[in-house]
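Working notes for the structure below.
Values quoted throughout were computed directly from the atomic coordinates according to the rules given, and no laboratory measurement underlies them. Everything numeric here is computed off the predicted structure, so don't read it as measured data. FYI the Cβ positions are ideal-geometry reconstructions off the backbone, even for glycines, and counts take in every protein chain you see.
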Amino acid sequence: MALPAIFKNNRLPVVAAPMFLVSGDELTIATCKAGITGTFPALNQRTTEGFEEWVVKITDELNAFREANPDAPCGHFGVNLIVHRSNPRLQADLEVVVKHKVPLVITSLGAVSEVVDAVHSYGGVVFHDITNRRHAEKAAEAGVDGVILVAGGAGGHAGTLNPFALMAEIRTFFKGTILLAGAISSGSDVVAARAMGADLAYMGTRFIATKESNAQPEYKQMICEARAEDIVHTPAVSGVPASFMQQSLAANGYDLEKLRDPAAVDFGKKLTVNDEAKAWKTVWSAGHGVSAIADVPTVAELVDRLEDEYRQTLKRLNADPG
């Protein structure tokens, strides 16, 4: 399937993932101006009114940039909506999305045809987070344009399936756009994702450690110092399995030995949006991709680097096809 038109002007087949409490208006704007797709969660603004202010600001700044730089690549932006009964703002935030014709909507924790239809009504595109085949089948039934394979090794609310296996299985029946997430930190990783069958790479953790992200300086430094083995996948923080750095878990009083024993973890009750925000503010998420992160560049510097790595990898593979 051909890529949706909103990605035609991207420098790279990359979407910067919307990260809870980390992706804000400045990171989104910088990412789009750098030539790839930038996104943020609607809930990173505490109110629907604040969310609308960000949508308007991002839209206006990107339109002005395109007008002043007609030949420069400039990505479109997207927002993440939590489609779950724990989110009381869904309807109000969706009305803002439709009002301002947000180009891309990423849905999580529920694929609902009404949301898809609302975004399609103005020509928008809907992608949905999935971690297994059942989620992908439900997303396809809801009419989404694409699915985001949140494979093992991804940060945030991640799955556990190997990306090769997940990609192979979903490709057997889903004909829309496929994005792959999970430990993608370099341009060569993006090439690998494309080689596996993904249309786009979905990068989260690498963008936490950038100048424009809303992560605390200590959070960014912890990512630079962490290794893949430091990532703990557990439901203990919010009731939904997610990936966190063990250093942050320990600093917040979690028993690491208990967390590494799935049988000993109490899934507990799914937190409310406000409760989860409090938990994630001090317990810091990241994916296995930390193993390839050692600095905190600007977004522009990072995307330049990613493009160079991407082009050099393609050149090397073409010169030595094996």
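Only one of [x] 1.26; [y] 0.94; [z] 1.04 was calculated from the structure for Cα Rg over 2.2 N^0.38 Å, and its label is [y].
Which log10 I(q)/I(0) values does the range 96-155 give at q = 0.18, 0.23, 0.25, 0.27 Å⁻¹ under the Debye formula, counting every alpha carbon as one identical point scatterer? Scattering profile of the range 96-155, log10 relative to I(0): -0.57, -0.85, -0.95, -1.06.
What fraction of the Cα pairs in the range 83-238, stated in percent, has a spacing above 21 angstrom?
Details: 6233 of 12090 pairs.
The proportion of pairs with Cα distances above 21 Å equals 52 percent.
So for each of 19-29, 47-57, 238-248 I average, over its residues, the number of other beta carbons within 10 Å; can you give me the resulting order with the highest mean first?
19-29, 238-248, 47-57
Quick one: plug the Kirkwood hydrodynamic radius of the range 1-118 (C-alpha pairs) into Stokes-Einstein at 25 °C, 0.890 mPa s, and report D in µm²/s. Don't skip to the end; give the middle numbers.
Working: Rh = 14.5 Å.
Taking Rh from Cα pairs, D becomes 169 µm²/s.
Put simply, the range 23-81 fits an ellipsoid with semi-axes of 21, 11, 7 Å; these come from the alpha carbon gyration tensor as the roots of five times its eigenvalues, largest first. Sequence-distant contacts, meaning Cα pairs under 8 Å at least 6 residues apart, place the relative contact order of the range 114-270 at 16 percent.
With 5 Å bins beginning at zero, the pair-distance distribution over Cα atoms of the range 46-105 amounts to 4, 17, 26, 21, 14, 9, 6, 3, 1 %.
Each of the peptides 35-43, 68-76 was scored by the mean count of other Cβ atoms within 10 Å over its residues; in descending order, highest first, they stand as 35-43, 68-76.
Structural descriptor for the range 6-99: relative contact order 33 percent, calculated from alpha carbon pairs under 8 angstrom and at least 6 residues apart. The calculated 222 nm mean residue ellipticity attributable to helices in the chain amounts to -12000 deg cm²/dmol, summing -39500 (n - 2.57) over DSSP H runs of n ≥ 4 and dividing by all residues. Here the chain carries DSSP beta bridges of which approximately 15% are antiparallel, counting only pairs with both residues inside.
For the range 1-55, what does the convex hull of the Cα positions come to per residue, in cubic angstrom? All intermediate terms of the calculation are to be shown ahead of the outcome.
Working: hull volume 5.0 nm³, N = 55.
Convex hull of Cα atoms, per residue: 92 Å³.
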